[in-house]
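What follows is calculated from the coordinates using simple rules that are stated; it is not laboratory data. What you see is a predicted model; the values in this text were computed from it and never measured. Backbone-built Cβ (ideal geometry, glycine too); neighbour counts: all protein chains shown.
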Amino acid sequence: MASSDEIDSIPLRIIQINLQHGKESTAHLCAHLTKLSAYIALIQEACVHNGFDKLSANCYYDECFSRPRAYMVISQDVRINPVPNSVSQDLVARRLHIVCSTYFTYEVDSPPGKFSSLYMFSKNINTGLVAGCDSNAHHTM
């Protein structure tokens, strides 16, 4: 692991992608991530049991679901903290500022309930909110 002085000089890369539960697309992303040093991957619809465990990274998602729709992979070089009450099938958040991966399902007209709470939390602590999300033309947001 790099020292904090070294981390400050490494550019942080943020990747956002919907993998549509594809094993091949998930494997391709994992291969790409192995070439990076400091990254945050905001992922929707990952094939969670297909290769992320081989990375030198921390993986975050709601483990209550076998197919979570929001997922984050963060390299071990990035020091990032959890955000209270911010994990569900459709949202997972961590705090650098606040970074989250979310899925806006078209069956519901509003963002996931935890996203609204997360937005208000970021305003209350006066910090930025970066959201990587999957939404489509069917979603009113």
Inset, instruction - Among the lysines, select those whose C-alpha is under 27 Å from the C-alpha of K114, and discard any that sit fewer than 8 residues away in the same chain. - result: K123
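Based on DSSP, what percent of beta bridges with both residues in region 4-134 are antiparallel, to the nearest 5?
60
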Legend entry - Those lysines that a straight Cα-Cα span of less than 26 Å connects to K23, excepting residues fewer than 8 apart in one chain: K35, K54
Inset, instruction - Rounded to the nearest 0.05, what FRET efficiency do S135 and E63 give with R0 = 41 Å and r taken as the Cβ-Cβ distance? Could you check? - result: 0.95
Legend entry - Distance (nanometres) between label positions extended 7 Å along Cα→Cβ at T127 and T105: 2.8
Inset, instruction - Only residues of region 74-102 count here: report those whose backbone N is under 17 Å from the spot 7 Å along Cα→Cβ of M120, or say none. - result: 84-87
